[in-house]
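Below is one structure; the comments refer to it alone.
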Amino acid sequence: MKVFFDLVGCRVNEAEIESMSAETLALRHEIAPSAEIADWIVINTCTVTREAERDSRQKIRQAHNRNGAARIVATGCWATMEPVRAAGLPGVTRVVLNAEKEGLMRAILGGEAPTAVVPGASPIPARRRTRAYIKIQDGCDNACTYCVTRLARGNLHSRTMEAILADILAAQRSGAKEAVLAGVHLGAWGRDLGNGLVLEDLLEDILSRTAIPRLRLSSLEPWDLHPDFFRLWHDGRLCPHLHLPLQSGCGSTLRRMNRRTSPEEYADIVEAARAQIPDLAVTTDFMVGFPGEDESEFRESIGFVERMRFARLHIFHFSPRAGTAAAEMESQVAPEDMRHRAMWARHIGGQAADSFSRAFLGREMDVLWEADTRGGLRRGLTGNFLRVRVQSEDIRPNTLSRVKLLSIDRGELVGEVKS
Ligand code: SF4
């Protein structure tokens with residue numbers, strides 16, 4: 001059988017698609033490079049915003065239009081929250097809820113659970129073997145009032161340390177140069193395992209028992225961190241990049257969001273991280289238009305963002321999600337005001353990202369090259385998430401090079417390879 005995979009959404013969805021595709025190979029079936037030639041099409045959906053939900057439905061419709069004979073599996077967060085609607089879309093023959101995802105490939109392809117699967121076998125072009133997305137936990141026990149993810153993914157459940165290590169060693173053997181640890185609430189890893197292990201223990205184990213050249217953490221909630229955590233970055237393989245969702249820089253808004261942090265606590269943890277991790281990039285998620293956010297709350301929020309000097313700001317419009325407390329809150333913000341605030345945030349975020357990149361001009365940094373190359377232009381990422389391009393026919397994808405950073409062009413650093 002040939003299986004085509006596609007997704008909308010987060011790194012957890014990417015990690016799941018990687019392990020489903022690796023399982024497909026282990027079950028001795030094929031990954032279809034396009035929907036047109038597939039027998040099965042698996043789409044991992046998302047519902048974090050109205051746009052993500054719409055994109056998920058669109059992906060399913062497009063897959064059916066491209067291949068009306070293929071059987072489509074709708075899985076992921078949108079399909080879990082709206083299984084009846086998902087089942088009603090053209091071509092969908094199965095809806096698999098998040099809780100049933102583990103056995104999805106065997107359910108459609110048959111066969112026994114394979115002994116070993118090799119992450120990093122990403123079916124999605126341009127990431128083949130450069131970095132492997134490794135899911136370490138799922139679900140979340142927090143209760144942010146806008147969040148539908150926790151409703152779609154359920155309570156915290158961590159994978160075991162041995163299972164995660166096996167995935168990283170398999171990815172390392174398959175040539176991946178970077179492992180990205182993904183989860184819905186990464187910082188809570190281990191709390192449900194009952195053996196006292198926490199995220200630090202897992203990171204120490206990965207760094208001591210594998211030779212993966214780079215280890216990157218995806219999103220971390222600030223309240224899970226304490227200054228001592230950052231001593232782990234003495235190991236240069238841990239990427240100096242922390243993605244710490246802020247959502248708002250205003251204390252009152254954060255309280256209505258039921259976020260377990262305050263602007264002051266957030267600033268303290270960022271300061272502690274910057275003091276211990278050289279060249280650290282702090283990136284974040286920032287929401288505009290949360291119910292009740294008036295002009296003065298927004299000014300307080302964006303003022304805080306400006307002071308934090310983020311390396312990258314991912315901006316979201318508040319999107320009322322069915323089943324969440326925030327969707328029922330009064331004082332919903334007008335779309336026009338949201339657009340205006342997002343524009344302001346993009347301006348502030350753009351300035352901060354530019355000055356973060358400029359701080360590295362003239363420096364030499366290690367860059368991991370990605371697969372896609374156009375016109376001899378090779379692109380890649382530094383450990384601290386700076387996007388770099390060089391003109392070179394010789395550089396191979398998925399290799400690390402030392403690069404001198406010379407200039408900035410349209411938000412991208414331009415460099416020359418030193419070694
Ligand atoms: S920490 Fe909050 S935003 Fe993140 S998954 Fe949990 S409930 Fe959702």
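With a simple spin-label model that places each label point 7 Å from the Cα along the Cα-to-Cβ direction, the separation between residue 106 and residue 66 comes to 2.9 nm.
Which whole-number percent is the relative contact order of region 364-417 (Cα, under 8 Å, 6+ apart)?
About 36 percent, as a whole number.
Computed over the alpha-carbon pairs of region 226-348, the distance histogram in 10 Å steps reads 13, 42, 29, 14, 3 percent, short to long. Could you tell me the number of lysine pairs in the chain with C-alpha atoms less than 21 Å from each other, where the two lysines are 8 or more residues apart or belong to different chains? Lysine pairs meeting the criterion: 8. Restricting region 368-419 to trypsin sites (Lys or Arg not before Pro) that sit in a DSSP loop and have at most 16 other Cβ atoms within 10 Å of their own Cβ leaves 410, 418. Neighbours of residue 313, meaning other residues whose beta-carbon lies under 10 angstrom from its beta-carbon, give a summed charge of +1 when Lys and Arg score +1 and Asp and Glu score -1. Where q = 0.15, 0.28 Å⁻¹, what log10 of I(q)/I(0) comes from the Debye formula for region 291-358, counting one point per Cα? With one equal scatterer per Cα and no solvent, log10 I(q)/I(0) is -0.55, -1.23. Dipole magnitude for region 219-308: about 180 debye, using +1 per Lys or Arg Cβ and -1 per Asp or Glu Cβ, origin at the Cα centre.
Each 10 Å bin, from zero up to the one with the longest distance, holds this percent of the alpha carbon pairs of the chain: 5, 20, 30, 29, 15, 2. For region 364-417, the alpha carbon convex hull comes to 68 Å³ per residue, rounded to a whole number. Relative contact order of the chain, taken over Cα pairs closer than 8 Å and 6 or more residues apart, is 11 percent.
Please compute the length gained on full extension between residue 141 and residue 272, using 0.36 nm multiplied by the number of residues separating them and subtracting their Cα-Cα distance. If you can, show how the numbers build up before the last one.
Values: separation 131, 0.36 × 131 = 47.16 nm, distance 2.59 nm.
Contour length minus the Cα-Cα distance gives 44.6 nm.
Selection among 195, 37, 325 by position relative to the dipole of the chain gives 37 as farthest towards the positive end (Cβ unit charges, Cα centre).
With bins 5 Å wide beginning at 0, the percent of Cα pairs of region 2-112 falling in each bin runs 2, 14, 25, 27, 20, 9, 2, 0.
Each value in this text was obtained by applying a stated rule to the coordinates, not by laboratory testing. Note that the structure is predicted; figures quoted are calculated from it, not measured. Here the Cβ is made from the backbone with ideal geometry for all residues, glycine too, and neighbour counts use every protein chain on show.
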